[in-house]
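The values are calculated or read from the model by the stated rules, or taken from the named source; none is laboratory data. Since the model is a prediction, treat every value here as computed from it, not as a measurement. Ideal geometry is used to build each Cβ from the backbone, glycine not excepted, and the neighbour counts take in all protein chains shown.
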Amino acid sequence: MKRCQSKPPVLCIVGSQNTGKTTLVEKLVAEYKRRGFRVGTIKHHHIGDFEIDYPGKDSWRHAQAGADVVLISSQSKAAMIKKAEQELTLEQIIDLMGEVDIVLAEGYKESDRPKILVCRGNPALQANSAPEVICTVGQCETFKGLPTFEPDDVQGLVNFLQHFLRE
């Protein structure tokens, strides 16, 4: 098992809507966990507000009362809701994650982190505007020179990623 570093490596999974990004993240998490890694994930929600708690629940009531930070904790998990005056950067979110060996971020196509591009056909990203793309998953017509993996070849993809991250 890999040791947790002060800053874990971050891989962004990017692509157009409905190309299979979330499914790929699920598969990557399962494969990294099978290999003994502690995995953190981030989902970038770039349009509007979102809720993770239901109206009427205690944590929702705490937030509605004006709490700036609400932490929900049980014997098996914890979650934090923190009000933000502006969107947190990817770096700030990573700092909140605690001890993980790798972070898989769904989205953040504008970041300078290494990216896995998931696509079917012609992706929204263009090769000359996305130098951080290290490999593709699926059929990506404009990224032909990069390593390409089929959506079900998760072991091969993780082997490639582990080699890439060691360099």
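Things worth noting here:
- Selection count, region 49-59, where residues are surrounded by 12 or more Cβ atoms within 10 Å (Cβ to Cβ) and either free of Cβ contacts under 8 Å to residues at least 12 places away in the same chain or of a type in the set (D, E, K, R) (or both): 1
- The residue of region 54-97 that is nearest to His44 (Cα to Cα), among those that are part of a loop (DSSP other than H, G, I, E, B) and among the small types (Gly, Ala, Ser), is Ala84.
- The test for being surrounded by 11 or more Cβ atoms within 10 Å (Cβ to Cβ), over 18 Å from Thr41 (Cβ atoms), β-branched (Val, Ile, Thr) and more than 13 Å from the chain's Cα centre (by Cα) does not hold for Val158.
- Residues satisfying the stated conditions in region 152-167, i.e. assigned to a helix (DSSP H, G or I) and free of Cβ contacts under 8 Å to residues at least 40 places away in the same chain: Gly156, Asn159, Phe160, Gln162, His163, Arg166
Here is a yes/no grid of residues against (1) more than 15 Å from the chain's Cα centre (by Cα); (2) of a type in the set (Lys, Arg); (3) under 23 Å from Thr22 (Cβ atoms); (4) surrounded by 11 or more Cβ atoms within 10 Å (Cβ to Cβ):
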{"site": "Arg61", "(1), (2), (3), (4)": "yes, yes, no, yes"}
{"site": "Ile81", "(1), (2), (3), (4)": "yes, no, yes, yes"}
{"site": "Glu110", "(1), (2), (3), (4)": "no, no, yes, yes"}
{"site": "Pro147", "(1), (2), (3), (4)": "yes, no, yes, yes"}
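- In region 63-79, of all residues being under 16 Å from Met97 (Cβ atoms) and surrounded by 12 or more Cβ atoms within 10 Å (Cβ to Cβ), the one that is nearest to the chain's Cα centre (by Cα) corresponds to Ala79.
- Thr41 under 8 Å from Leu104 (Cα atoms) and crowded, with 16+ Cβ neighbours inside 10 Å: yes
- Test: residue in region 30-40 that is at pLDDT below 90 and under 17 Å from Leu11 (Cα atoms): no
The rows are residues; the columns are (1) surrounded by 13 or more Cβ atoms within 10 Å (Cβ to Cβ); (2) farther than 23 Å from Glu87 by Cβ; (3) modelled with pLDDT of 90 or more.
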| residue | (1), (2), (3) |
| --- | --- |
| Glu106 | yes, no, yes |
| Arg120 | yes, yes, no |
| Ala127 | yes, yes, no |
| Pro131 | no, yes, no |
| Thr136 | yes, yes, yes |
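- Residue check, Val154 aliphatic (A, V, I, L, M) and under 15 Å from Gly20 (Cβ atoms): yes
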